[in-house]
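Structure record follows, encoded as structure tokens.
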Amino acid sequence: MTQLPVLKPKEVVAALEKLGFKKHHQKGSHLIMVRDGDAIHQPVIPLHHKDLAKGTLRAIVRQLNMTVDEFVKYL
């Protein structure tokens, strides 16, 4: 099992765009992304100026229904 890397929110957004997600809307400092035809998986990315916490990043990966190894391939 791959260890979760330390990532900035922009890096996570870039990885999600590689997976086919698009920016849907933003509410405050939280960006909601969607993928065409996939109403179930809508990851929410907090757009703060610091690194994402490990638990937050793990929750985003879980929202995608992916493993950490699968997610790291798109970074």
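The values are calculated or read from the model by the stated rules, or taken from the named source; none is laboratory data. Every value quoted in this text rests on a predicted model; they were computed, and no experiment measured them. In this analysis, Cβ positions are derived from the backbone assuming ideal geometry, glycine residues included, and neighbour counts consider all displayed protein chains.
Looking at region 1-28 only, could you name the residues that are exposed (fewer than 12 other Cβ atoms within 10 Å of the Cβ) and either touching a strand residue (DSSP E or B) at 6+ places or on another chain (Cβ under 6 Å) or within 16 Å of Val61 (Cβ to Cβ) (or both)?
The answer is Met1, Thr2, Gln3, Val6, Lys18, His24, His25.
Here is a check on your reading of the model: is His24 at pLDDT below 95, part of a strand (DSSP E or B) and either of a type outside the set (Asp, Glu) or touching a Leu at 6+ places or on another chain (Cβ under 6 Å) (or both)?
Working: at pLDDT below 95: yes; part of a strand (DSSP E or B): yes; either of a type outside the set (Asp, Glu) or touching a Leu at 6+ places or on another chain (Cβ under 6 Å) (or both): yes.
Yes; evaluated as a whole, the condition is true for this residue.
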